[in-house]
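Worksheet: the structure to be examined is printed underneath.
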Amino acid sequence: MQAAIAGFALGFSLIVAIGAQNAFVLRQGIKREHVFVTCLTCALSDAVLIAAGVAGFGSLAEVVPWLEPLMRYGGAMFLFWYGASNFRSAWQGASVLRTDGAVKGSLKGVLATVLLLTWLNPHVYLDTVVLLGSISAGWDDKLSFSMGAMSASFVFFFSFGYGARYLAPLFEQPRAWQALDAMIGLIMWAIAAKLLF
């Protein structure tokens, strides 16, 4: 039980910082678009990466030296593009939350975006595969530790995604969407810059 609590606490502390993935979950939660699929995809992706880390795949980057720069530059390019699209939305200022029969974004597009934000982000690998994987080595009960960390992902993403709807009244104003889009753009570009420099 102690290993599970430690895994949960560490997993939760790593995931709570607003990053590319969390910003997208927040946006989908506010819009109430494909929230369940978004949260489930994020949580399951984390679970796969945590399992890989605990199983010892954290040393893969040492064996394949070109993998880390490829992920870093590819991830930075994607985050730069995604941030630019958010800045464009903020500049145009056309977004507003409508719940009166508005057409939702496609499930395919949402899934593609959340998978790219998750699997092209080297920070996700550092937190889940490398950090959690290496810390799990200090526990005899690695299974409980990993289950605790995986549980933290499910609790966080579903709480965050479904809790975001309480911000919906605020986002009926176009200015609020402009501020959110600008904030997400800044986060994406800051992460991209950190990856590059």
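Quick notes on this one:
- Residue-level check: of (1) surrounded by 14 or more Cβ atoms within 10 Å (Cβ to Cβ); (2) at pLDDT 85 or above; (3) closer than 22 Å to residue 159 by Cβ; (4) under 16 Å from the mean Cα position of the chain (by Cα), residue 36 misses just (1).
- Members of segment 137-191 found to be of a type outside the set (A, V, I, L, M), within 20 Å of the chain's Cα centre (by Cα) and within 14 Å of residue 5 (Cβ to Cβ), listed by number: 146, 148, 151
- If you check 116, 107, 132, 111 for being at pLDDT 85 or above and within 18 Å of residue 50 (Cα to Cα), only one passes: 116.
- When segment 39-60 is filtered for residues that are at pLDDT 95 or above, among the aliphatic types (A, V, I, L, M) and more than 21 Å from residue 3 (Cα to Cα), only 40 remains.
- Taking helices (runs of 4 or more DSSP H) as the structural unit, those lying wholly within segment 86-197 and holding at least 2 residues that are more than 28 Å from residue 71 (Cα to Cα) and open to solvent by 50 Å² or more (accessible area, probe 1.4 Å) correspond to 142-163, 174-196.
- Condition check for residue 75: at pLDDT 85 or above and either surrounded by 14 or more Cβ atoms within 10 Å (Cβ to Cβ) or more than 18 Å from residue 32 (Cα to Cα) (or both): no
- Residue that is at pLDDT 85 or above, touching a Cys at 6+ places or on another chain (Cβ under 8 Å) and not aliphatic (A, V, I, L, M), where the choices are 157, 145: 157
- Flag if residue 6 is open to solvent by less than 20 Å² (accessible area, probe 1.4 Å), in contact with a helix residue (DSSP H, G or I) (Cβ under 8 Å, 6 or more places away or on another chain) and at pLDDT below 90: no
The values are calculated or read from the model by the stated rules, or taken from the named source; none is laboratory data. Treat the numbers as computed from the prediction; the structure is a model and nothing was measured. Positions of Cβ are generated from backbone atoms using ideal geometry, with glycine treated the same way; all protein chains shown enter the neighbour counts. Ligands, DNA and RNA are excluded from the accessible area calculation, which covers all protein heavy atoms including side chains. Shrake-Rupley method; radii C 1.70, N 1.55, O 1.52, S 1.80 Å.
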